[in-house]
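The values are calculated or read from the model by the stated rules, or taken from the named source; none is laboratory data. Note that this is a predicted model, so its numbers are computed, not measured. Every residue, glycine as well, gets a Cβ built from its backbone with ideal geometry; the counts of neighbours run over all protein chains shown. Note: areas computed on protein heavy atoms with side chains; ligands, DNA, RNA excluded. Shrake-Rupley method; radii C 1.70, N 1.55, O 1.52, S 1.80 Å.
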Amino acid sequence: GYRRNLLDSFRKKIRVRGYMPVVIDFGLIPVEDVDPMVWRLAKFACFAIADITEAPVLPLQTKNFVMTERPVPLAILLAEDTHLYDDTMFEKMKRFPGIIQTQPYSDDSSACQRLDHVIEQLEEFESLLQTKVVNVCGDQP
């Protein structure tokens, strides 16, 4: 389907940059399994990109990336003119330091064009988080 094509495009672009992408279509997963799955993935990810355009409750699950002892930088993509299920909850989520500015896009092409910039922002943020963890833990890089 339409969303799957966009996710596949993201996966290819991310792989070219040397990452091992994990692409999940949450529409295929029972609702009760989404939260535990996202929590497990957050433990291993260096960053996350979530397109929440057709996933009205996904912002709730993304809390597992930013509200942990090891926050994971998170970029949220959202098609322009999308109305979220709960704007209030989404606005609260954007206050967490691990979330970069929401990236609106008009179509698949513009979403893919934004992806390189989004990844650069996430890499920079992830690098800053690692520095803070090193300082807190006293580990040597």
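Side notes on the structure shown:
- Sole exception among (1) under 21 Å from Glu123 (Cα atoms); (2) open to solvent by 70 Å² or more (accessible area, probe 1.4 Å); (3) more than 12 Å from the chain's Cα centre (by Cα) for Ser9, by number: (2)
- Considering residues of region 14-46 that are over 18 Å from Arg4 (Cβ atoms) and among the acidic types (Asp, Glu) only, the residue nearest to the chain's Cα centre (by Cα): Asp35
- Residues of region 73-91 satisfying the condition of being open to solvent by less than 30 Å² (accessible area, probe 1.4 Å), of a type outside the set (Phe, Trp, Tyr) and modelled with pLDDT under 80: Leu84
- Residues that are open to solvent by less than 50 Å² (accessible area, probe 1.4 Å) and farther than 17 Å from Glu123 by Cα, drawn from region 18-53: Val23, Ile24, Ile29, Val34, Val38, Asp51, Ile52, Thr53
- Neighbours by Cβ (under 7 Å, 6+ apart or cross-chain): first from region 14-43, in contact (Cβ under 8 Å) with a residue 40 or more places away in the chain; second open to solvent by less than 100 Å² (accessible area, probe 1.4 Å) and part of a loop (DSSP other than H, G, I, E, B): Ile14/Pro21
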